[in-house]
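The values are calculated or read from the model by the stated rules, or taken from the named source; none is laboratory data. Because the structure is predicted, anything quoted here is derived from the model rather than measured. We place every Cβ from the backbone using ideal geometry, glycine too, and count neighbours over all the protein chains shown. These area figures cover heavy atoms from the full protein model, side chains too; ligands, DNA and RNA do not enter into them. Shrake-Rupley method; radii C 1.70, N 1.55, O 1.52, S 1.80 Å.
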Amino acid sequence: MSVLKIYPEKCTGCLRCELACSYMQTGEFQPAKSVIRVSPFEGHTSYAPYTCTQCAEGWCMTACPVGAITIGAVGAKDVLDDTCVGCKLCTIACPYGTMFYDPDTRKAFKCNLCGGAPACAEACPTAAITYEDVATADWLGDFARERTARVLVGVS
Amino acid sequence: MATRHLIIGGGTAGINAIRTLREEESERSEITLVSAEKPYSRMVLPYYLDRSIAESHVYTATARVLADWGVKAHLGRRAAALDVKGNVCTLEDGTKVEYDDCLIATGSSPVKAPVPGADGRAVHSFWTLDEAQAVVAELTPGSHVVMVGAGFIAFTILNSILALGAKLTIVEVAPRILPRMIDDTGARLVEAWLKKHGVAIRTGVKLTKIADVKGRKQLKFASGADIVCDLVIMATGITTNLDWLKGSGVRVNHGVVVDDRQRSSVPNVYAAGDIAEGRDRVTGEPAVHAIEPTAQEHGRVAGANMAGKDVRYRGSLLINIVEVCHLDVASFGAWDDATAETATGLKADRPAYRKLLWRGDRLTGAIILGPSQDIWTTNDVGMLKGLVQSGVSLARWKAHLKKNPFDVKNAFIASKTTHTLLPETILGRPSKAPGDTPVAV
Ligand SMILES: Cc1cc2nc3c(=O)[nH]c(=O)nc-3n(C[C@H](O)[C@H](O)[C@H](O)COP(=O)(O)OP(=O)(O)OC[C@H]3O[C@@H](n4cnc5c(N)ncnc54)[C@H](O)[C@@H]3O)c2cc1C
Ligand code: SF4
Ligand code: SF4
C-alpha cells in the first residue's frame, strides 16, 4: 500500500499541510483539527510533520470496543463516525499519539489518507510529504535525534 | 473430526477469541459459545445511558453474526462446573457440552457495599446491560443521584448522569477519589474540578444504611449528615467470576493463572480478560488487569493458540482514560510504583498535571491530566503509552523530561520510539478489520 513518507530535512515549517488536512477532513481551515502536525525541534530551528504510520497492528482499531475503526479501500485505518461512541479508548491505545478526539462532534478522528489522495502531500511546497508505495517507517527518528542534540547539551 | 472449541463467556475476551479462531484456523472447527448474557460491550453502556446510542449499538455480535461465523450459541445460560478430566462443561440447567479445548472468559461481577437496603428499590450497580436499563428507566432530569464509590467505573458514567440533567453527589469511603487510578495530587485537581462543575463530593464517609423515606432514598453514614436522593448507583468494586471453577483443578490465584499463551494449569483450558491473571508487561509480575484492552488482547492471543498457532503474549499494559466535564484523566503502567524515580509538572490554572515514573532510563508509568480541548494532551496521552509500551531507552531525554515533563513529543520522536514500536503486533501479523472475520460457507 502507499503511505505518507516524510522527508523531514525538506520541511520549512510553513504549516500548509495542517491547513490542507483540516480543510479536507472538516471543511474548514482549522489547524487544531489537522491530523498531521508539524513539530518544532531545537527551539523552532527545525520542523517536521508527524502523523499516523498506518501501523500493522492498528492498536486504535483492535482496541475499539464497537468496531468503529476499519481498514478503508486504500489500506488506511479509518473511523466510522456513525459507529464511534467517543469513548477515547483508541486515543490511549495508539502508542504513537496519532489518534485524535473532537470535543465538538464527540468522535475520534485520524489520518485516513484522504481515500488515496492525501491533501497534505499535495499542499506541501517542498515535497517534504509524499505519498509513496513503500513500507511505513520511522521517518523522523534519526532527524530528530540529530536536530535535538544541542537541546540536550548540558543535560547529563 | 473437526476440533471442538468451547468459549465460556461472550464478552470482549470471548468474542475476540472467536473472531481470531476463525481468522487463524487452517481447518474449519466447531465453535460453541456459552454465555450468561448476549455479547455486548460493557464499556459503551455509559453512552447508552446518556442516550447518545441505541441499545442495538452495544452488541458486539448479534445472533445473525454468530450464525455467519458458524458459532453454536447458548445465550442466557451459565456454565456451572468444569470437568477438566472428562473435557465436559456442565451448564446450570444440566446440559453437558464436550470440548477439545475451552476458553474461560467469564469476566467479573459488581459488588455492592454490604449495607442494609443495598438490594432495595432504586439501588443499582452499573455493570450489566440489565442494570443499565434499570438506571435508564429511573433516571429523570432533575433527579438527585448518589454515586457510592469514586473509582474508575463510577467516573465512566459521571458525564452521562450530568448530561441527563441529574444532580450528582459522590460518596467515597476512602479519603480521596480515584484511589486506584491516579495519585493524590491528580485526585485533588479532579475533585476541585468536579466541585466547580456542580458535583458534590464527600470522601472518607462510610455508608451504613439505605432506607426508603416517602418514596425517596435516605442514605445514612457512620458520621455526618444523611443524604436523601432519588436513585443510588453502587460502584463499589468488582469481583472476578471464579466461583463456578471451584474444585475443577484449574489453578486460581486472584484470577485464573495463565502462561504467555493464555493457557491455564490445564493445557487445553485457556483463560482471557478480567478473569485471567497473566503477565503485567511493565512489572513482569502476574496481575489481573480488568480493562477492555487486556480482554481484547488476551482473547486474540488465546484464540490464535487454540487455532493451533504459536503466539506468545508480552503481557498487558494497564491503561485507563476517562473524561469528566471536559477534563481528560489518564494513567499508564506502574503509575503508583512508590520506589520508582519520578518527576511531576503542574499547571494549576489550566488545570494540567503530569507525573512520569522511571526504572533506570525506561519510562514505566505515567499520569496525565489536562483539558480535553487541548489537542496536545491527546498527542501526549498516546506517546506516553508508546514510551511505556516500548520501554525505549530514554538516555539523556530522561533528564530533559524530568525538567520538562510537558515536552513529551521531542523525547518520543528523538528516542526513535516509532522505530521500536512499528514491528510489534499482537498476533505476529497485521490485524484484520473488524468486519473481515471469515464467515461460514
Ligand atoms: C460502565 C463500564 C465502563 C467501563 N469502561 C471501561 C473503559 O473505559 N476502559 C476499559 O478499559 N474498561 C472499561 N470497562 C471494563 C471492561 O468493560 C471490562 O474490562 C471488559 O468487559 C472485560 O471483558 P471480559 O470479556 O473479560 O468480561 P465481560 O465483558 O464481563 O464478559 C464476561 C461474559 O461472561 C458471561 N458470564 C459470566 N459468568 C458466566 C458463566 N458462569 N457462564 C457463562 N457465561 C458467564 C457474562 O454474562 C459476560 O457475557 C468498563 C466496564 C463498565 C461496566
Ligand atoms: S492511529 Fe496509531 S494505532 Fe491507529 S493505525 Fe495510526 S499509528 Fe497505528
Ligand atoms: S473513541 Fe470511537 S473509534 Fe475510538 S475507541 Fe471509542 S468508539 Fe472506537
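Annotation: of all residues in region A:73-94 being away from ligand 1 (no atom under 16 Å from the Cβ) and facing chain B (nearest Cβ under 9 Å), the one that is most open to solvent (accessible area, probe 1.4 Å) is A:T83. Please give the number of the condition A:G97 fails out of (1) at the interface with another protein chain (Cβ under 7 Å from one of its Cβ atoms); (2) assigned to a helix (DSSP H, G or I); (3) touching an Asp or Glu at 6+ places or on another chain (Cβ under 9 Å). In the conditions (1) at the interface with another protein chain (Cβ under 7 Å from one of its Cβ atoms); (2) assigned to a helix (DSSP H, G or I); (3) touching an Asp or Glu at 6+ places or on another chain (Cβ under 9 Å), A:G97 misses (2) alone. Taking the numbered list (1) within 16 Å of ligand 3 (Cβ to nearest atom); (2) more than 13 Å from chain B (Cβ to nearest Cβ); (3) polar (S, T, N, Q) in turn, A:T130 passes all entries but (1).
Of the residues making up region A:106-120, none is facing chain B (nearest Cβ under 7 Å) and either within 23 Å of B:F152 (Cβ to Cβ) or of a type in the set (V, I, T) (or both).
Scanning region B:402-428 for residues that are assigned to a loop (DSSP other than H, G, I, E, B), more than 7 Å from chain A (Cβ to nearest Cβ) and closer than 18 Å to B:N379 by Cβ gives B:N404, B:P405, B:F406, B:D407, B:S415. From the list B:T208, B:T239, the one residue that fits, being under 28 Å from the mean Cα position of the chain (by Cα), of a type in the set (S, T, Y), surrounded by fewer than 18 Cβ atoms within 10 Å (Cβ to Cβ) and not in a loop (DSSP other than H, G, I, E, B), is B:T239.
Per the listing B:A73, B:A61, the residue uniquely open to solvent by 40 Å² or more (accessible area, probe 1.4 Å), among the hydrophobic types (A, V, I, L, M, F, W, C) and either closer than 24 Å to B:A235 by Cα or more than 9 Å from ligand 1 (Cβ to nearest atom) (or both) is B:A73. Within region A:71-94, the set of residues being outside any loop (DSSP other than H, G, I, E, B) and within 11 Å of ligand 2 (Cβ to nearest atom) comprises A:I71, A:K77, A:D78, A:V79, A:C90, A:T91, A:I92, A:A93. Among the residues of region B:15-35, those that are under 21 Å from the mean Cα position of the chain (by Cα), closer than 20 Å to B:S431 by Cβ and open to solvent by less than 30 Å² (accessible area, probe 1.4 Å) comprise B:I15, B:N16, B:A17, B:I18, B:T20. Of all residues in region B:211-236, count the ones that are surrounded by 14 or more Cβ atoms within 10 Å (Cβ to Cβ) and either touching a Cys at 6+ places or on another chain (Cβ under 8 Å) or not β-branched (V, I, T) (or both). Matching residues across region B:211-236 total 12. Within region B:401-437, the set of residues being open to solvent by 50 Å² or more (accessible area, probe 1.4 Å) and in contact with an Asp or Glu (Cβ under 7 Å, 6 or more places away or on another chain) comprises B:H419, B:K432. Could you please find all residues in region B:364-401 being more than 24 Å from A:T53 (Cα to Cα) and at the interface with chain A (Cβ under 8 Å from one of its Cβ atoms)? Hits for region B:364-401 are B:R396, B:A399, B:H400.
Screening region A:62-72 for residues that are out of contact with any Cys (no Cβ under 6 Å at 6 or more places or on another chain) and closer than 12 Å to A:N112 by Cβ and picking the one that is farthest from the other protein chains (Cβ to nearest Cβ) gives A:G72.
Among the residues of region B:36-58, the one identified as open to solvent by less than 10 Å² (accessible area, probe 1.4 Å), touching a residue at least 40 places away in the same chain (Cβ under 8 Å) and not in a helix (DSSP H, G or I) is B:S41.
Taking the criterion of being open to solvent by 10 Å² or more (accessible area, probe 1.4 Å) and assigned to a loop (DSSP other than H, G, I, E, B), the residues of region B:179-204 that qualify are B:P179, B:R180, B:D183, B:H197, B:G198, B:G204.
Screening B:R176 with (1) open to solvent by less than 20 Å² (accessible area, probe 1.4 Å); (2) touching an Asp or Glu at 6+ places or on another chain (Cβ under 7 Å) gives one miss only, at (1).
Restricting region A:44-61 to residues that are in a loop (DSSP other than H, G, I, E, B), more than 8 Å from chain B (Cβ to nearest Cβ) and touching a residue at least 40 places away in the same chain (Cβ under 8 Å), which is farthest from ligand 1 (Cβ to nearest atom)? So the residue we want is A:T45. Do we have B:A13 as within 29 Å of A:R106 (Cα to Cα) and within 14 Å of chain A (Cβ to nearest Cβ) here? Yes; evaluated as a whole, the condition is true for this residue.
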